[in-house]
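The values are calculated or read from the model by the stated rules, or taken from the named source; none is laboratory data. Everything numeric here is computed off the predicted structure, so don't read it as measured data. Neighbour counts are summed over all protein chains in view; Cβ atoms, including those assigned to glycine, are modelled from backbone coordinates with ideal geometry. Remember, those area values only see protein heavy atoms, side chains included, never the ligands or the DNA or RNA. Shrake-Rupley method; radii C 1.70, N 1.55, O 1.52, S 1.80 Å.
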Amino acid sequence: MQVIRVKNYNEMSEKAADMLAAQVKSKPDSVLGLATGGTPEGTYKAFVQKALQENFSLSELTTFNLDEYVGLSPQHPKSYHLYMKNHLFQPLALQPSQTNLPRGNAPYLEKEAERYERMIKEVGGIDLQLLGIGENGHIGFNEPGTSFTSRTHIEKLNPTTREANARYFENKEDVPEHAITMGISSIMDSGSILLLASGERKKEAVKRLLEDKNTREDFPASSLRNHPYVTMVADEEALAAVSKTDESSEKNEAKPL
Ligand code: PGA
């Protein structure tokens, strides 16, 4: 895992946006895996600015998001569909046919999970997956204990995850109890992974990821140790508990574009 240390959230966002832009410029028909939450908001903002300024082509781009809350329609104000529309798809004028999220309000969720896996496969897989990390080490909505062999599936959210996400909802009881999420194995199939971490809240998870060498299902992010091309961009607060931050060549180098 290559670790890029940056000062703060803004620097992380700029760096991540540069990396996404480099991917899309070198391969205009890239398939990007995308994430939601507080962490990538700045990245999307910086990427939109860059794309509009530099005017590189996005017409061949395809995107697949990691997850969606179960029970929320795409129009629901707290849905990840709407988050993506507001932060990225609309500002970039991406066509609906270019963007994909699992449908949290599909009548048959297991069938929806299978359909989503099939769609990813049909386009030849994800080139670059953007990821955040939960305070409990979750990636996507894969909570501790999720099998490393999991594909897209329905996941029951941990109380701590629902609490962390309650800031986006009016009442914490409004946070859905389940999500449909790409599995660990679906994430691990991507060509390369760009993991972002910012802020004090993430420091224990980042420490465990970098310092505990065990790869265990009770800490989903540890699966990333088995991926050959992971780059983590983390800021000083997120790295604050790590005793040795010179991790840049811990195991693998960034995948050359
Ligand atoms: P956050 O969520 O970006 O809102 O902190 C990250 C995650 O839970 O994966």
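Here are the numbers:
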| item | result |
| --- | --- |
| Residue satisfying all of: in the stretch 187-201; open to solvent by 10 Å² or more (accessible area, probe 1.4 Å) and part of a helix (DSSP H, G or I); nearest to Leu34 (Cα to Cα) among these | Met188 |
| Single unsatisfied condition, Pro96 versus (1) over 20 Å from Ile193 (Cα atoms); (2) within 16 Å of the ligand (Cβ to nearest atom) | (2) |
| Count - residues of the stretch 114-136 that are closer than 22 Å to Tyr229 by Cβ and surrounded by fewer than 23 Cβ atoms within 10 Å (Cβ to Cβ) | 8 |
| Members of the stretch 26-59 that are assigned to a loop (DSSP other than H, G, I, E, B), within 16 Å of the ligand (Cβ to nearest atom) and either of a type in the set (Gly, Ala, Ser) or surrounded by fewer than 13 Cβ atoms within 10 Å (Cβ to Cβ) (or both) | Ala35, Gly37, Gly38 |
| Per-region count, the stretch 141-178, residues without any contact (Cβ under 8 Å) to a residue 24 or more places away in the chain and more than 13 Å from the ligand (Cβ to nearest atom) | 6 |
| Filter result for Ser73 (more than 21 Å from the chain's Cα centre (by Cα) and either closer than 28 Å to Asp174 by Cα or part of a loop (DSSP other than H, G, I, E, B) (or both)) | no |
| Answer from Lys85, Lys111 - the residue that is on the phi < 0 side of the Ramachandran plot, of a type outside the set (A, V, I, L, M) and surrounded by 15 or more Cβ atoms within 10 Å (Cβ to Cβ) | Lys85 |
